[in-house]
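For reference, the structure is listed below as structure tokens.
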């Protein structure tokens, strides 16, 4: 692994700042991926060898991949980097009902965002499509949908997938979680006595008016 750079602490860069941070990286990648391939001298080949550099994929956590890849946050209406589901469809688990994003369409939408000259216009465009410009779109071979990968560290090592499946969706949940869910469901169930008491309180309040 070669670390090209680290963003300074204590706060992460915004979606605008991160674009300026990765600009030089993208420019270097373009420099070494255009024909004819540039010659890079090495210890064994002082005259230089041809180098062809490609950038793929983008591996990050969800927040980082949205910022770098040119998508909005999970709080946006168009929150997903892979499909066109809206925030109102956040709990929709039927995959066959999802309309998947297309890399070419995302590029066109990002180009439209970039060509919009006003801040309000860009905000409206991003809000409608869930896409904004990223320097990675300058790489002609890079697919903004297929080349974005949620990091292995966050998915498995930090237990994000397990938490979503077992705790939030209760799929194969531990026994203590199942007991908690059952107790909560019992608390939410109203008995006939509860209903009668609530009706009597309502009548009493209406009589005071």
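Laboratory data are not the source of any read-out in this text; all were calculated from the coordinates shown. Computed from a prediction, not measured in an experiment: that's the story for all the values here. Positions of Cβ are generated from backbone atoms using ideal geometry, with glycine treated the same way; all protein chains shown enter the neighbour counts.
Here are the numbers for the structure shown:
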{"read-out": "Estimated FRET transfer efficiency (residue 102, residue 2; beta-carbon r; R0 41 Å; 0.05)", "value": "0.80"}
{"read-out": "Separation of the residue 143 and residue 42 label points, Cα + 7 Å toward Cβ, nm", "value": "3.0"}
{"read-out": "Rounded Å value of the spacing that divides the Cα centres of the range 121-163 and the range 1-55", "value": "20"}
